[in-house]
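Remarks on the structure that follows.
Bear in mind that the values in this text are calculations on the coordinates, not laboratory data. No experiment lies behind these values; they were computed from the predicted model shown. Please note: Cβ atoms are built from the backbone with ideal geometry, for glycine as well, and neighbour counts cover all protein chains shown.
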Amino acid sequence: MRIHPDDRYALFIDGANLYATSRALGFDIDYKRLLNYFRAQGRFIRAIYYTALLEDQDYSPIRPLIDWLDYNGFTVKTKPAKEFTDAAGRRRVKGNMDIELAIDALEMSDNLDHIVLFSGDGDFRHLVEVLQGRGKRVTVVSTISVQPSMIADELRRQADEFVDLTSLKAEIARDGAPRNGHRDRPAPDNDPGEPDDDDDYDDDDDYEDDDEDEDD
C-alpha cells in the first residue's frame with residue numbers, strides 16, 4: 001500500500017463487508033495491529049468503523065467488539081438493524097451503513113489527501129469517483145483471492161489503488177483466534193463479530209447486509 005508520508009488520510013471501514021471478506025479468507029482481524037500499522041504511515045487522521053446493530057437483544061454478539069473499538073482509538077458509527085420476515089417465513093435482519101459512510105467521507109474530504117476504504121461493495125464506486133474529482137486519492141481494500149471475488153469489478157477499476165487484504169495478513173491478522181472471533185482481547189463465550197448466520201440467533205434467524213453481496 002502506497003501512502004505518501006505527507007498525506008493526511010483516514011480509514012473508512014465497512015464492518016460487515018470486512019468481516020465477510022476476512023472470514024472468506026480464513027483469518028481474523030486484529031484491530032489493534034491494524035490501527036498500529038496505519039498509524040505508522042503518513043499523517044493518520046482517523047479510523048471509522050461502521051456497522052448496524054440489533055438494539056433489542058439482551059446480548060449482541062458484536063457488542064464486545066464495538067465497545068473495544070470505541071475505547072481503543074476507533075470512531076464507531078452504528079444504527080439499528082431492521083428485522084423482517086421473508087417470503088418463506090424466516091426472520092431476517094438487514095443492516096446497511098453505506099449512506100453514513102459516504103456522507104462522512106465527503107464531509108471529511110476537505111481535510112484529507114487520501115481515503116482508505118475497506119469494502120468491496122460496488123455501491124461505493126460513485127463515491128470513489130466523486131472523491132477523485134475533489135483531488136483525493138482513494139485506496140480500496142478487499143480481496144480477489146477467493147471465488148467469487150469479494151470486490152465488485154467496477155469498484156476495483158475506479159480505485160486509484162486496490163489492495164488485496166491477503167497482502168496485509170502478516171500485519172493485521174490475529175494469531176490463534178477462532179475463525180469468527182474478530183477481537184483483540186479475551187472475549188465472552190460468544191465471540192464478537194459482525195452478525196451473520198453463525199452468530200447467536202435462533203436457528204431460523206438470518207442476517208442480511210447489503211454489503212455482503214459483492215455487486216449490491
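The Kirkwood radius of region 50-120, taken over pairs of alpha-carbon atoms, gives through the Stokes-Einstein law at 25 °C and 0.890 mPa s a diffusion coefficient of 170 µm² s⁻¹. Compared with the direct C-alpha span, the chain from residue 43 to residue 91 gains 12.8 nm at full extension, assuming 0.36 nm per residue. Taking a ≥ b ≥ c as the square roots of the eigenvalues of the alpha carbon gyration tensor, region 94-184 is prolate, as a/c is not under 1.5 and a/b beats b/c.
Taking label positions 7 Å along the Cα-Cβ direction at both residue 153 and residue 36, the computed distance is 4.0 nm, reported to one decimal. For residue 47, the amide hydrogen comes within under 5 Å of the amide hydrogens of 11, 75, counting only partners 5 or more places away or on other chains and with H modelled in the peptide plane. The trypsin sites (Lys or Arg not before Pro) of region 20-128 that DSSP puts in a loop, and whose beta carbon has at most 15 other beta carbons within 10 Å, are 90. Extending 7 Å from Cα along the Cβ direction at residue 170 and again at residue 134 yields two label points whose distance is 3.5 nm.
Give me the number: length gained by fully extending residue 99 to residue 72, i.e. 0.36 nm times residue separation minus the C-alpha to C-alpha distance, one decimal in nm. Show your work: numbers first, answer last.
Working: separation 27, 0.36 × 27 = 9.72 nm, distance 2.48 nm.
Extra length from residue 99 to residue 72 when fully extended: 7.2 nm.
For region 36-86, applying the loop criterion from DSSP together with a ceiling of 13 other beta carbons within 10 Å to the chymotrypsin sites (Phe, Trp or Tyr not before Pro) yields 59. Over region 1-146, the fraction of Cα-Cα pairs per 10 Å bin, rounded to whole percents and listed from the shortest bin up, is 10, 38, 36, 12, 3, 0.
Taking a point 7 Å out from the Cα of residue 126 in the direction of its Cβ, the residues of region 73-112 whose backbone N falls within less than 14 Å of it are 98-100, 102-103. Which of the three applies to region 65-104, rounded, prolate or oblate, going by the alpha-carbon gyration tensor with a ≥ b ≥ c and a/c under 1.5 meaning rounded? Note, shape of region 65-104 comes out oblate. Here region 147-170 and region 23-94 have alpha carbon centers that stand 20 Å from each other.
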